[in-house]
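Below: one structure, written as structure tokens.
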Amino acid sequence: MAVITNIEDLRTIARRRCPRVMFDYVDSGSYDEVTRDANREELRAIRFRQRVLIDTTGRSMAAELLGSQLSMPVAIAPTGLTGLVYGDGEILAARAAEAEGTIYTLSTMSICTIEDVRAATKKPFWFQLYVFRDRGFSEEIMARASAAQCPVLFVTVDLPQRGQRHCDLKNGLTVPPRFSLKNAIDIATKPAWVARVLLGKRKTFGNVDDYLRRKNISLGTANWSQTHFDQSLNWRDIDWIRKVWPGKLVLKGILDVDDAKTAVAAGVDGIVVSNHGGRQLDGAPATIRVLPEIAGTVGDRLEVLFDGGIRSGQDVIKALALGARGCLIGRAYLYGLAAQGEAGVRKALGIIRDEMDITMMLTGLRDLKRVPREVLYNGDGRDFPRN
């Protein structure tokens, strides 16, 4: 059995155990993947100041994010099609997050439904909304999330249409998966994956199945967002969502300081500084590049969360030092899920936790509720704006 020491080990196992069509769906970015790669490259380029002879006993990673008490400032991001990465993947990831003292965010475009995940968990989870052209259905799905006691709604604002991901088109990604000459041989070599997916509760987008039946709509993955997501969504619609949604409201996909200021004026509770993992506008800046200015401008008026390129506990602490209240992980947990199911998600979270702990010791940190900018080494050539 392979010794797993970091997220990259989980990624290697995931590539081996998951069909190419699903691994590439997780791993790829849009177009030339410039922004996907920049997320990693710019995080990796940041350096810490190593400090010694500082008493760091009694270290605490405990965090409060959006009213939820967590064991660390890391939550699981919403990701679509998770139940095809591993059968019942949304349920398993939510359970893993719960067991590790953190929280899971369920996507509108999940395979398992809101109700499936709620029935399988003891504590509330967060929910992410894609706004449909059919506003009645959007209100219906918000009501379902509220009935499931989800305390926070993340509205994704950077996907009026799906950015082109070359791998998905070339691999023939569909939901549910369709066997073709191109992918049949590869899928046939992954019998454990096939068995898990076949035995899973659902094979399609569970949250929207009933809507599709009512409207007599057939689903095609490639043009799904173009056909059904509301491209007219704008700042005035935030008032409508606030009236419908009773809990906390977060906008996911803020990448510009002017948009962050407008989010404050709109009265939302938080934002996620995010470029959708480099899966939308290719050529957009890395999220860590814009985080300091955004957090420094609006961080005292709403909660600023961060995602994009996180593969380690060191990455999390870098983001906290540059102004984030907490971080969301996407690919990192999906690699664990594809590799080992629920145990793999727990492994991914545990790896990040352990890396944060040693980084705290070696940088002189005792509490992650406040990570000063000074924890970073200023001689690394970075020109980030100061908070």
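The values are calculated or read from the model by the stated rules, or taken from the named source; none is laboratory data. Since this is a predicted model, take the numbers as computed values, not measurements. Ideal geometry is used to build each Cβ from the backbone, glycine not excepted, and the neighbour counts take in all protein chains shown.
Numbers for the structure displayed
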| item | result |
| --- | --- |
| Cross-chain or 6+ apart pairs with Cβ under 8 Å, the range 190-211 first and free of Cβ contacts under 8 Å to residues at least 12 places away in the same chain, then surrounded by 12 or more Cβ atoms within 10 Å (Cβ to Cβ) and part of a helix (DSSP H, G or I) | 194/187 |
| All positions within the range 296-318 that are crowded, with 24+ Cβ neighbours inside 10 Å and within 12 Å of residue 272 (Cα to Cα) | 304, 305, 306, 307, 308 |
| Conditions (1) in a helix (DSSP H, G or I); (2) closer than 19 Å to residue 74 by Cβ; number of the one not met by residue 260 | (2) |
| Test: residue 64 is more than 19 Å from residue 360 (Cβ to Cβ) and loosely packed, with under 15 Cβ neighbours inside 10 Å | no |
| Every residue from the range 166-201 that is in contact with a Pro (Cβ under 9 Å, 6 or more places away or on another chain), part of a loop (DSSP other than H, G, I, E, B) and modelled with pLDDT of 90 or more | 189, 190 |
| Enumeration of residues in the range 7-21 that are over 14 Å from residue 341 (Cα atoms) and in a loop (DSSP other than H, G, I, E, B) | 19 |
| Subset of the range 204-221 that is polar (S, T, N, Q) and surrounded by 13 or more Cβ atoms within 10 Å (Cβ to Cβ) - its residue that is modelled with the lowest pLDDT | 221 |
| Condition check for residue 44: in contact with a strand residue (DSSP E or B) (Cβ under 8 Å, 6 or more places away or on another chain) and surrounded by fewer than 18 Cβ atoms within 10 Å (Cβ to Cβ) | no |
| Test set (1) surrounded by fewer than 22 Cβ atoms within 10 Å (Cβ to Cβ); (2) out of contact with any strand residue (DSSP E or B) (no Cβ under 8 Å at 6 or more places or on another chain); (3) farther than 19 Å from residue 242 by Cβ - residue 146 fails condition number | (3) |
| Restricting the range 95-118 to residues that are farther than 19 Å from residue 142 by Cα and in a helix (DSSP H, G or I), the residue that is nearest to the chain's Cα centre (by Cα) | 97 |
| Unmet criterion (only one of (1) loosely packed, with under 14 Cβ neighbours inside 10 Å; (2) under 17 Å from residue 312 (Cβ atoms)) for residue 72 | (1) |
| Lone unmet requirement of (1) in contact with a Lys or Arg (Cβ under 8 Å, 6 or more places away or on another chain); (2) crowded, with 20+ Cβ neighbours inside 10 Å; (3) on the phi > 0 side of the Ramachandran plot for residue 274 | (3) |
| Qualifying residue in the range 297-313 (condition: without any contact (Cβ under 8 Å) to a residue 60 or more places away in the chain and either more than 24 Å from residue 69 (Cβ to Cβ) or of a type in the set (Phe, Trp, Tyr) (or both)) | yes |
